[in-house]
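Novice: Here it is, the structure, as structure tokens.
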Amino acid sequence: MSVKRAEGLGRPEAVRLWTLAGRLVLPAILLVAFALRVYRLGDKNIWWDEGLAIWAVRKSLLGTTLWTASDVHPPLYFWALWGWVRLAGESEFAARFISTIWGVLTVAVAYALGVRVGGRRVGLLGATLLTVSRFHVWWSQEMRMYILATLAATATLYTAVRWLEEESARQGRWPDRWLLGYIVAAVASLYTIYVAGLAPLVANGYAAAVLARLPARRRVRTALRWLTAQAVAVLLFIPWLLLALPRMRTWSVAEPFSFRLFLKLYAVLLSLGISTDIERYTAPVLPFAAVLLAGLATLAWRRREPGLAGGRAVWLFVLALGLLPLTIFVLTRFPHLYYTPRVEARYLLLFAPLFCLFLAWSVARLATRWRPLALVAVAVTLAPMLAFLPGHYTDRYLKDDAQTMAYMLGACARPEDAVMLISGNRYPIFGYYYERIVPPERRLPVLLLPRDSRFTEDNVPAQLEEAIGGRQRFWVVAYEVGIQDPSFLSLAWLDAHYPRAFTHEMGHNALILYGDAPEPLLAERAGLQPQHPLAVQAGGLELLGYDLPALEYQAGDTVDLGLYHAGEAPTQLRIDWVQSSGELLDSITEQCPETGPSARRAAIRFDVWPWHPPGETHFVLHWSGAGSAAHSLRLPGPRIRSGPNTIRVEGIAQPLEAGLQGGIRLRGFDLHRPVRDGIAEARPGEQLVLNLFWEATEAVGQDYTVFTQLVGSAHNPDTNGPVWGQHDGEPVGGSYPTGRWKPGQTVVDRHVLKIDPDAPAGEYELHVGMYLLATLERLPVQRADGSAGGDHIVPVRLRVTR
């Protein structure tokens with residue numbers, strides 16, 4: 001690159017400035033990589049695997065090690081997390097931050113590897129692509145071992161390439177330092193996830209290609225040293241195998257799958273970082289394939305490349321990127337191995353850095369011959385990555401999952417009570433919040449039910465009676481009950497034998513108090529620890545604090561405000577929920593009874609509706625005692641997010657204009673698959689994910705039900721008609737009935753239809769409309785002239801092929 005003389009600067013000064021700018025490129029890339037991986041890091045609830053990791057590292061280090069030996073992963077990640085959470089804490093942000101560090105380090109090591117296989121430009125471009133890779137950002141924000149395995153695998157390949165390069169050229173004063181580094185990285189790979197053993201395997205395949213080009217005597221000497229390093233790595237891994245193999249559980253959940261579809265998943269993940277609806281993303285992936293093929297084509301006219309920039313670099317890329325999917329596919333063919341999991345996105349992350357370096361290498365190859373074409377290659381790869389990256393953060397916000405239940409138990413459960421969790425295998429999630437929120441002195445043991453894999457009619461009475469143990473009152477955390485009790489036998493038995501004193505529903509989960517409890521929300525003041533303590537006493541009411549588990553909510557959520565109060569006389573308390581503009585969103589009046597020496601936790605609940613404007617909110621409490629002045633107190637509230645029903649018409653994939661009588665228009669739809677000339681394609685047994693974009697042109701006086709039907713010409717005996725797929729339901733999953741729609745607001749309404757597996761090939765129509773549930777009478781379609789035009793809209797036709 002030429003250096004232009006800067007105005008007012010001599011050439012030496014300009015060169016120094018240019019050199020300094022070049023040195024700042026890599027730090028800038030790493031800084032962006034860190035920013036992208038730390039952004040909204042803690043703004044997502046713990047999922048089951050993450051909860052299991054925390055559950056494991058709450059044990060002693062020996063206990064964690066022995067548990068890992070009986071599980072399906074080696075211990076290195078858990079050892080690191082065990083020490084990390086004791087330094088940084090267990091919050092969502094703190095526990096995941098170690099993964100962010102490893103993710104940024106992977107970018108740095110990928111740069112170093114890129115420099116070795118293709119020069120500085122390959123290293124910088126590869127690091128840039130990895131920085132904005134949605135797939136890599138995703139797993140740099142998860143409390144799992146896969147990003148550590150990716151770092152270890154990349155380091156394994158880098159140290160192998162570096163040692164072989166210096167050994168081949170007889171460069172460097174201490175080439176064995178890279179061989180030692182290789183041993184450390186290879187052992188780290190083996191101790192992180194078993195499939196990371198592919199990294200040393202790829203390194204050996206690459207080493208074979210390098211050794212084949214050496215003179216015979218040097219080849220033998222170098223090969224012996226290399227094989228010695230492999231033996232040392234294996235020997236260091238054997239102690240773990242001796243500990244783990246006798247304890248490891250046999251667990252197979254692998255299912256047959258299409259290898260073609262699997263390869264498409266692999267390509268979409270590496271390119272765009274998306275694991276769902278992959279059929280939609282064929283077109284955006286094609287430019288990535290074209291760039292790689294163009295890079296390979298350059299080898300045809302320049303076969304003999306100096307250094308590692310030619311065929312051997314390709315051999316490294318092809319080995320790594322080809323061996324991983326092949327290995328995973330083969331493993332799923334043998335379900336009787338120790339552990340054969342389903343195909344998941346996380347297993348394909350291991351060599352994602354090599355994919356980015358392969359792209360960068362291809363661009364660099366093109367630049368040596370056709371620089372304009374290389375610039376186009378950069379644009380068609382970097383632009384889609386940047387375009388799809390923001391989607392990773394769209395739905396990332398911390399919800400009130402089990403936090404309110406934990407706060408209630410910590411405040412209101414008595415020492416003599418029992419706490420039962422159904423389904424018990426969900427404890428890693430519930431326990432994460434329960435043990436973080438409830439202090440040890442107020443934390444009751446949690447009985448995990450059922451003791452067997454599932455509740456049955458035979459084991460329900462005995463297990464529940466044993467758990468209750470004759471207690472007068474007990475709590476049930478009904479958390480994803482259907483997993484281990486699909487018929488809800490446990491709750492039915494409890495309801496038949498014990499009275500419910502209190503129920504706090506949270507979506508499909510609930511906290512239930514059974515037994516004799518006239519005032520279930522009373523709490524002992526000693527040791528009471530609200531999330532946000534208060535010390536306000538006025539008008540006969542004492543406010544001790546409040547719980548507000550989440551900071552953000554969106555349409556369909558419920559804000560749970562837990563308010564701790566005490567008083568010697570009954571008091572009426574009004575809680576206003578107010579938008580930052582001063583608009584009143586909702587108001588609730590709570591009767592605060594006399595509490596005596598105890599306190600009480602009032603459960604104040606506000607629903608978030610799609611018509612609530614996004615932005616900051618606050619609560620205002622109003623009360624007055626007998627014969628005293630009125631009092632008020634302002635408390636910080638949550639922020640309302642721009643939810644799924646905040647959308648512009650330009651964002652509708654397939655716009656159209658169709659109306660129903662009663663003031664309802666269908667503005668468009670999104671079928672999450674290509675639609676050409678009004679026709680989409682599908683296969684029998686597939687799911688159709690249909691988003692409908694409705695708009696009320698005037699106030700709708702009724703609550704209507706939406707119907708979606710796939711209608712063909714053949715008779716379906718199961719439906720006794722031509723319907724081969726159907727889904728009916730109130731708009732937005734029942735959370736936004738049409739009677740509440742605001743005129744002019746676009747409402748996003750999702751329906752999922754499954755095409756009958758026996759559906760014959762042919763042309764079908766998708767019928768959409770609304771009806772009144774009480775009478776099943778459909779709303780007529782309204783033509784442009786205002787007249788009726790049938791009872792359904794046909795937004796798209798479907799071609800079903802076998």
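Novice: Any idea which of HIS508, HIS504 is touching a residue at least 60 places away in the same chain (Cβ under 8 Å) and surrounded by fewer than 21 Cβ atoms within 10 Å (Cβ to Cβ)?
Specialist: Result of the check over HIS508, HIS504: HIS504.
Novice: Let me ask something additional. Within 30 Å of GLY507 (Cα to Cα), surrounded by 13 or more Cβ atoms within 10 Å (Cβ to Cβ) and either at pLDDT 95 or above or of a type in the set (Phe, Trp, Tyr) (or both) - does that describe any residue in the range 729-746?
Specialist: Scanning the range 729-746 turns up at least one residue that is within 30 Å of GLY507 (Cα to Cα), surrounded by 13 or more Cβ atoms within 10 Å (Cβ to Cβ) and either at pLDDT 95 or above or of a type in the set (Phe, Trp, Tyr) (or both).
Novice: Okay, next question. With respect to ALA155, determine if the residue is under 29 Å from the mean Cα position of the chain (by Cα) and at pLDDT 95 or above.
Specialist: Taking the combined requirement at face value, the residue satisfies it.
Novice: Something else: Looking at ALA208, ALA223, which one is over 34 Å from the mean Cα position of the chain (by Cα), without any contact (Cβ under 8 Å) to a residue 12 or more places away in the chain and assigned to a helix (DSSP H, G or I)?
Specialist: ALA208
Novice: Which numbered condition in (1) open to solvent by 50 Å² or more (accessible area, probe 1.4 Å); (2) touching a Phe, Trp or Tyr at 6+ places or on another chain (Cβ under 8 Å); (3) closer than 24 Å to VAL747 by Cβ is the only one that LEU585 fails?
Specialist: So LEU585 meets the others, but not (1).
Novice: Filtering the range 53-64 down to residues that are surrounded by fewer than 20 Cβ atoms within 10 Å (Cβ to Cβ) and in contact (Cβ under 8 Å) with a residue 40 or more places away in the chain, which residue is nearest to the chain's Cα centre (by Cα)?
Specialist: Filtering first and then ranking leaves TRP55.
Novice: For SER632, which of the numbered conditions (1) buried (at least 17 other Cβ atoms within 10 Å of the Cβ); (2) part of a strand (DSSP E or B); (3) polar (S, T, N, Q); (4) out of contact with any Ser or Thr (no Cβ under 8 Å at 6 or more places or on another chain) fails to hold?
Specialist: Condition not satisfied by SER632: (1).
Novice: Test each condition in (1) within 30 Å of TYR393 (Cβ to Cβ); (2) open to solvent by 30 Å² or more (accessible area, probe 1.4 Å) for TRP79 and report the one that comes out false.
Specialist: (1)
Novice: Could you list, in sequence order, the residues of the range 746-771 that are within 30 Å of PRO613 (Cβ to Cβ) and part of a loop (DSSP other than H, G, I, E, B)?
Specialist: Once the filter is applied, which keeps residues that are within 30 Å of PRO613 (Cβ to Cβ) and part of a loop (DSSP other than H, G, I, E, B), the range 746-771 yields nothing.
Novice: It is to be established whether one or more residues within the range 468-483 are more than 35 Å from the chain's Cα centre (by Cα), open to solvent by 10 Å² or more (accessible area, probe 1.4 Å) and small (Gly, Ala, Ser).
Specialist: yes
Novice: In the range 535-553, which residues are in contact with a His (Cβ under 9 Å, 6 or more places away or on another chain), open to solvent by 30 Å² or more (accessible area, probe 1.4 Å) and in contact (Cβ under 8 Å) with a residue 60 or more places away in the chain?
Specialist: Within the range 535-553, just VAL536 meets the criteria.
Novice: Still on this structure: Considering LEU710, LEU692, LEU660, which residue is in contact with a helix residue (DSSP H, G or I) (Cβ under 9 Å, 6 or more places away or on another chain) and surrounded by 13 or more Cβ atoms within 10 Å (Cβ to Cβ)?
Specialist: Matching residue, one of LEU710, LEU692, LEU660: LEU692.
Novice: Of everything in the range 594-608, what is open to solvent by less than 60 Å² (accessible area, probe 1.4 Å) and either more than 23 Å from ARG740 (Cβ to Cβ) or touching a residue at least 60 places away in the same chain (Cβ under 8 Å) (or both)? Give them in sequence order.
Specialist: Correct list: THR595, GLY596, SER598, ALA599, ARG600, ARG601, ALA602, ALA603.
Novice: Is it fair to say LEU292 is part of a helix (DSSP H, G or I), at pLDDT 80 or above and open to solvent by 70 Å² or more (accessible area, probe 1.4 Å)?
Specialist: It is false that LEU292 is part of a helix (DSSP H, G or I), at pLDDT 80 or above and open to solvent by 70 Å² or more (accessible area, probe 1.4 Å).
Novice: For the range 772-802, give me the residue count where each residue is assigned to a strand (DSSP E or B), within 29 Å of GLY685 (Cα to Cα) and open to solvent by 30 Å² or more (accessible area, probe 1.4 Å).
Specialist: Number of matching residues: 4.
Novice: Continuing with the same structure: Starting from the range 675-695, keep only residues that are touching a residue at least 24 places away in the same chain (Cβ under 8 Å), then list their pairs with residues that are surrounded by 14 or more Cβ atoms within 10 Å (Cβ to Cβ) and among the polar types (S, T, N, Q) whose Cβ atoms are within a distance under 7 Å, requiring at least 6 positions of separation or different chains.
Specialist: The qualifying pairs are VAL675/GLN654; LEU690/THR708; PHE693/THR746; GLU695/GLN745; GLU695/THR746.
Novice: Within the range 518-533, track down each residue that is among the aliphatic types (A, V, I, L, M), without any contact (Cβ under 8 Å) to a residue 60 or more places away in the chain and within 24 Å of ARG634 (Cβ to Cβ). Show your work before the answer.
Specialist: First, pick out the residues of the range 518-533 that are among the aliphatic types (A, V, I, L, M): 521-523, 526, 528.
Now restrict to residues that are without any contact (Cβ under 8 Å) to a residue 60 or more places away in the chain: 526.
Those that are among the aliphatic types (A, V, I, L, M), without any contact (Cβ under 8 Å) to a residue 60 or more places away in the chain and within 24 Å of ARG634 (Cβ to Cβ): none in the range 518-533.
Novice: Could you say whether any residue in the range 423-445 is open to solvent by 60 Å² or more (accessible area, probe 1.4 Å), of a type in the set (Phe, Trp, Tyr) and without any contact (Cβ under 8 Å) to a residue 40 or more places away in the chain?
Specialist: no
Novice: Is the range 193-205 home to any residue that is at pLDDT below 95 and part of a loop (DSSP other than H, G, I, E, B)?
Specialist: For the range 193-205, residues at pLDDT below 95 and part of a loop (DSSP other than H, G, I, E, B): present.
Novice: Follow-up question, since we're still on this one. Among the residues of the range 242-268, what is the count of those that are modelled with pLDDT of 70 or more, β-branched (Val, Ile, Thr) and more than 27 Å from TYR281 (Cα to Cα)?
Specialist: Result for the range 242-268: 0.
Novice: I would also like to ask the following. Would you call GLN687 polar (S, T, N, Q), surrounded by 13 or more Cβ atoms within 10 Å (Cβ to Cβ), touching a strand residue (DSSP E or B) at 6+ places or on another chain (Cβ under 9 Å) and under 21 Å from LEU798 (Cα atoms)?
Specialist: Criteria met by GLN687.
Novice: Report whether or not LEU464 is open to solvent by less than 10 Å² (accessible area, probe 1.4 Å) and either modelled with pLDDT of 95 or more or under 22 Å from GLY515 (Cα atoms) (or both).
Specialist: So LEU464 passes the test.
Novice: In the range 185-204, which residue that is in contact (Cβ under 8 Å) with a residue 60 or more places away in the chain and open to solvent by less than 20 Å² (accessible area, probe 1.4 Å) is nearest to VAL72 (Cα to Cα)? Spell out how you get there, then give the answer.
Specialist: As a first pass, look at the range 185-204 and keep what is in contact (Cβ under 8 Å) with a residue 60 or more places away in the chain: 188, 190-196, 198-199, 201-202.
Filter once more, keeping what is open to solvent by less than 20 Å² (accessible area, probe 1.4 Å): 192-193, 196, 198-199, 202.
On the way: THR192: 11, ILE193: 9, ALA196: 13, LEU198: 17, ALA199: 19, VAL202: 23 Å.
Within the range 185-204, the match that is nearest to VAL72 (Cα to Cα) is ILE193.
The values are calculated or read from the model by the stated rules, or taken from the named source; none is laboratory data. From a predicted model like this one, the values you see are computed outputs, not experimental measurements. Neighbour counts run over all protein chains shown; Cβ positions are idealised from the backbone, glycine included. The accessibility values were calculated without ligands, DNA or RNA, using every heavy atom of the protein model including side chains. Shrake-Rupley method; radii C 1.70, N 1.55, O 1.52, S 1.80 Å.
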